[in-house]
Each structure stands twice: as structure tokens, then as C-alpha cells.
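J.: I have a structure I would like to understand better, so I am pasting it below and will then ask my questions one at a time.
Only the coordinates and a few stated rules stand behind these numbers; no lab work does. Values in this document were obtained by computation on a predicted structure and should not be read as measured data. Here the Cβ is made from the backbone with ideal geometry for all residues, glycine too, and neighbour counts use every protein chain on show.
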Amino acid sequence: MKDIMTPTFSELGLPATITDGLAAAGFETPTPIQAQAIPHQLKGRDILGIAQTGSGKTAAFGLPIIAGLLAMGGRPKPMTTRALILAPTRELAVQIEESLRKFAGANRIATVLVLGGMSRANQVNKLAKGVDVTIATPGRLQDLIEDGKLKLNETRWFVLDEADRMLDMGFIAPVKAIARAIGPNRQTALFSATMAPEVAELTKSLLKDPVRVEASAPATTVTTLDQRVILAGSKAKRGVLNTLLADPELKRVILFTRTKHGADRVTKNLAIDGHDAAAIHGNKSQNARQAALKGFASGQVRILVATDIAARGIDVPGISHVINYELPDEAENYVHRIGRTARNGASGFAITLCDGTERSKLRDVEKLIRRTLPVTGDLQAANDTGVTPGTVNEARPDRPRNERPMRVGQNSGRPGGNGRPGGSGRPGAKPGQHRADGAPRQNFAGLAPEAKAWWSKLDGEAKAAEAPRGTAAKVKGRWDKRQKDVARTKRDTAA
Ligand code: AMP
């Protein structure tokens with residue numbers, strides 16, 4: 001039954017030629033950002049959208065452009081493009097093109113991807129005939145404009161997607177030059193996950209009297225996303241990861257590292273440890289990146305190892321877990337990372353492995369998302385990078401008591417033992433409420449039942465009582481068996 005508060009796509013002003021195909025593509029009701037942006041865009045207004053991947057922003061700017069192109073009719077002139085969409089990464093550009101084709105349905109629109117790392121000649125040939133929509137990363141586009149292969153004088157729609165990322169990547173000068181080349185008679189939409197001062201500055205120079213539309217960040221609104229931090233020293237992370245991966249509930253996992261080198265190292269170790277993993281980052285060829293994405297989307301590859309930049313815009317449905325093998329340098333990337341899971345109301349888990357050197361980054365993340373994240377794990381294990389016992393706890397005076405760091409397996413048979421008011425995290429708690437190094441215990445209070453069951457599996461003795469009986473033993477059994485298999489393989493290989 002239709003919710004009377006939510007408009008339909010036709011009520012937003014889109015023509016039947018488009019809306020008929022949308023339902024078939026699974027788009028029944030507009031997302032909030034679509035409901036806010038589409039009517040204004042159809043009227044020709046500039047849009048400032050604060051939204052990120054997962055909000056439905058591609059359709060928010062894409063549908064009005066397709067509607068406009070259909071209304072215009074005719075063919076684009078040679079070497080021109082009627083609409084130009086700039087994206088910071090190749091992956092995002094590819095996904096935007098796929099989405100536009102889906103939105104256009106049976107209506108014919110000529111699109112071209114103008115990206116580095118792909119055949120320039122093909123792009124030049126397509127542009128020579130004239131296109132409806134060009135989806136581009138700034139570098140290659142500027143190159144083709146300077147070479148006279150594309151003119152922007154006929155460009156009516158200009159979209160800047162993920163503007164914050166574009167600025168982070170140093171594209172400010174090309175973006176401004178491209179905007180100038182289009183000229184003032186354009187309609188512009190700028191989307192950004194955040195309103196950093198540089199984005200606000202760019203907004204002022206590019207947009208004319210824009211309508212501001214906003215979708216709240218998935219990180220703060222999606223209640224089906226369960227976030228946890230596991231304390232683990234850098235040397236212990238590989239073991240923790242293997243323990244996590246022993247659980248078949250981690251069906252489709254995206255794992256983030258801070259650097260390309262880190263992504264390669266983790267991918268190699270995952271292969272050695274018997275897991276199907278593929279890496280995606282800027283040093284990989286476009287073909288290798290597409291192959292990795294394809295394998296991951298089809299389920300052949302269980303774990304996609306990615307850097308922040310490469311992962312922007314990746315929209316693979318059904319990602320069950322996001323693992324932050326390392327905390328990102330910039331807190332905002334945490335929000336982008338965890339937005340890969342728990343999409344469109346599905347549930348998901350985000351697990352962050354944090355060592356002693358990463359505590360300040362964790363605090364930055366918590367400040368940004370305005371939440372204290374529950375911490376689990378063994379403080380001792382985090383100490384292999386030199387954290388002194390208890391420092392994690394002491395360093396977090398802001399942490400609510402029932403969410404303080406805890407030790408795995410301390411409170412035998414009594415999970416959530418510190419769940420009562422004024423729990424064991426406070427100074428001077430009763431003996432037995434802390435482990436020897438001062439870290440208080442696990443607390444499962446306040447978690448959704450399924451999250452509770454899953455997380456409790458991670459926590460030694462505590463999990464045995466929270467999850468169905470025997471689950472912990474099964475996970476441990478699988479892990480022990482894996483270790484034996486690995487040891488046997490190593491022996492056999494050495495022999
Ligand atoms: P985006 O934020 O544009 O990357 O979109 C995120 C995901 O949501 C994509 O898989 C879209 O196909 C999907 N999506 C966008 N809008 C809708 C809608 N109105 N109904 C259902 N799915 C949607």
C-alpha cells in the first residue's frame with residue numbers, strides 16, 4: 001500500500017516514459033534525497049546535495065537530466081555533450097553510467113565514459129559523433145578538451161559528484177577550469193558527503209542560488225548497522241581477522257586498509273591463510289579493478305580488499321561486513337567505508353581493528369559520528385605496538401560507562417556483567433570487575449538481538465552464554481581446524 005506521505009516518481013514531475021521503467025528496475029518510491037531534489041531540478045534550479053553513496057543521489061541528479069534530454073529530443077551536435085557528470089574515481093563513473101542506462105530504460109541516450117586508464121581513441125570516436133551524457137574523471141576530460149576533441153558550449157547540465165572527494169584528490173583547478181569552459185548558461189548540481197569549508201567555497205563559485213537538499217548520513221541513521229571496535233595490536237590483527245573469517249556469517253566482506261601497500265600485503269596474507277580475496281586500489285590496472293569487482297559482486301570472491309579512494313562509489317549489494325583493518329587517516333572515510341553495508345534497510349556489521357597507535361583516529365571518528373563505539377578485544381593484544389595497560393581506558397574519559405573497553409573472556413558465564421548502572425568501567429569498581437590491567441568487561445546491553453548473538457560469538461566465555469549454546473565452541477573448533485590445516489600445508493610445502 002502506498003504511503004500517503006511519500007510522493008511517487010510521477011508526482012515529482014517525471015514523465016511516464018521514465019517512471020514506467022523505474023518500477024521494473026525496482027525503484028518504487030523515491031528516496032528522501034530524490035523526493036527533495038527532483039522537482040527543483042526539473043524546474044531548472046541549481047542543487048546543492050549533501051548526500052553520499054547509498055542515499056540514491058545518482059537518480060536524484062540522473063533522472064531529471066534524462067527527463068530533460070527526452071524533452072529536448074533531436075541529436076547532440078558533433079564533438080559536444082549535452083550533460084557532463086564529473087566523478088572523482090573511475091569506479092564511481094562506471095557505476096553512474098550503468099545507473100543512467102538503467103534509468104533511461106528503452107529510451108535511447110548516448111553516453112560516454114571519459115576516464116584515464118581506458119582507450120582514448122574509443123572515447124574520442126564517441127565524442128566525435130556527439131553525446132547526450134559524458135561521465136568523466138577530471139584529468140582525462142581536461143586532456144580531451146585541451147586537444148579540441150570535446151567542446152562544452154552545448155552543455156546544459158553539469159553535475160559534480162562527490163565534490164569533497166574531488167577536492168581531496170586535488171582536482172580543484174581542473175574542476176573550476178571545466179566549469180568556466182561550460183559557461184554560465186548551465187544548470188549545476190553539486191553533491192558532497194560533507195560541507196567542508198573548501199566545498200562551501202566551491203559551492204559559492206559554481207552554483208547560482210542553489211536549493212539545498214540533504215540526506216542524513218547512513219552512519220548516524222541506519223539502525224541496522226552494528227558497529228564495533230576490536231582492540232588488536234598490529235601484529236595480532238592477522239590472527240583476529242582469521243578468527244572473524246572462520247565465521248561463515250561473514251558472507252561478503254569489504255576490508256579497508258590505509259595504503260595500497262597495506263592492501264596488497266593483507267590480500268597476500270588472506271590467500272596464504274586460505275581465503276578468497278581480491279584487492280582494488282589505484283596501482284591496479286582498470287581491468288584488474290573491474291575483474292576484482294566483478295568477482296566480488298558475483299560471490300566468487302568473498303573478501304574485497306580496498307583503499308579508501310578505490311572504494312568510493314562501490315555499490316555491491318549484500319555486503320554483510322565491513323572490516324576496517326586499519327582506521328582511516330581521515331575520520332570522514334570511516335563513514336564512507338561503513339556505508340558499504342546495511343544498505344536499503346539490510347542489516348550489516350562494521351568491525352574496526354584498532355591498535356594502540358590508532359586511538360586518536362578512533363576518537364576522531366567518534367567525534368564525527370557523535371557516538372561512542374563499543375569496544376571489544378584484548379587490551380594485552382593491542383599492546384604489541386607499545387600501549388601501556390589501561391591507557392585505552394584512561395584515554396577515553398568521554399566513553400559512557402557501559403561501553404568501555406573490555407577484556408575478552410574475563411567475566412566467565414556472565415556476559416554484559418557490567419550492564420548495570422554505574423558498571424565496572426568506573427574507577428574504584430569492585431575487585432573482579434576488571435581484569436588485572438584495568439580493562440573492564442564486555443557489555444552487550446543495548447544491541448539488537450541478532451547483533452548481540454553475533455558479537456557474543458567473538459568473546460570467548462562471554463559468548464557461550466549469550467549466543468545459542470555451543471556456537472562459540474563451533475567457531476573455535478573451525479578455527480583450530482584451520483590452524484592445523486595451515487600448519488600441515490606449511491609442513492608439506494617445506495618437505
Ligand atoms: P546511490 O546513492 O545513487 O549510489 O544509490 C544507492 C543504491 O540505491 C543503488 O543501488 C540504487 O540502485 C538504489 N536506489 C536508488 N534509489 C532507489 C529507489 N528510489 N528505490 C530503490 N532503490 C534505489
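J.: How do the peptides 8-18, 94-104, 161-171 rank, highest first, by the average count of neighbouring beta carbon atoms within 10 Å per residue?
T.: Descending packing order for the listed peptides: 161-171, 94-104, 8-18.
J.: Still on this model: Treating each Cα of segment 1-154 as an identical point scatterer and ignoring solvent, apply the Debye formula and state log10 I(q)/I(0) at q = 0.13, 0.15 Å⁻¹.
T.: For segment 1-154 at q = 0.13, 0.15 Å⁻¹, log10 I(q)/I(0) is -0.61, -0.79.
J.: So if R0 is 35 Å, what FRET efficiency would ASN122 and ALA23 give, r being the distance between their Cβ atoms, rounded to the nearest 0.05?
T.: 0.55
J.: Quick check: net charge around ALA181, other residues with Cβ under 11 Å of its Cβ, Lys/Arg +1 and Asp/Glu -1?
T.: +3
J.: Under 1.5 on a/c is rounded, so check that first for segment 109-268, then, if it is not, pick prolate when a/b is larger than b/c and oblate when it is not; a ≥ b ≥ c are the square roots of the alpha carbon gyration tensor eigenvalues.
T.: It comes out prolate by the Cα gyration axes.
J.: Longer than 29 Å from Cα to Cα, which of LYS208/LYS260; LYS43/LYS102; LYS102/LYS251; LYS126/LYS268 are they? Say none if no pair is.
T.: Distance filter (> 29 Å) returns LYS208/LYS260; LYS126/LYS268.
J.: Under the rule a/c < 1.5 gives rounded, and otherwise a/b versus b/c splits prolate from oblate, where does segment 228-361 land using the Cα gyration tensor?
T.: Here segment 228-361 falls in the rounded category.
J.: Using the Cα gyration tensor of segment 166-213, with a ≥ b ≥ c the square roots of its eigenvalues, what is the shape: rounded (a/c below 1.5), prolate (a/b larger than b/c) or oblate (neither)?
T.: Because a/c hits 1.5 or more and a/b fails to exceed b/c, segment 166-213 counts as oblate.
J.: Compute the signed sum of charges (Lys and Arg +1, Asp and Glu -1) over the other residues within less than 11 Å, Cβ to Cβ, of ARG289.
T.: Its environment carries a net charge of +2.
J.: Calculate the dipole size of segment 1-124 relative to its Cα centre from +1 charges on Lys and Arg beta carbons and -1 charges on Asp and Glu beta carbons; express the result in debye to the nearest 20.
T.: 500 debye
J.: Okay, next question. Under the Kirkwood approximation applied to all pairs of distinct alpha-carbon atoms, what is the hydrodynamic radius of segment 115-160 in Å?
T.: For segment 115-160, the Kirkwood estimate is 11.1 Å.
J.: How many nm is it between the label spots at GLU330 and ASP276, if each spot is 7 Å from the Cα in line with the beta carbon?
T.: 3.4 nm
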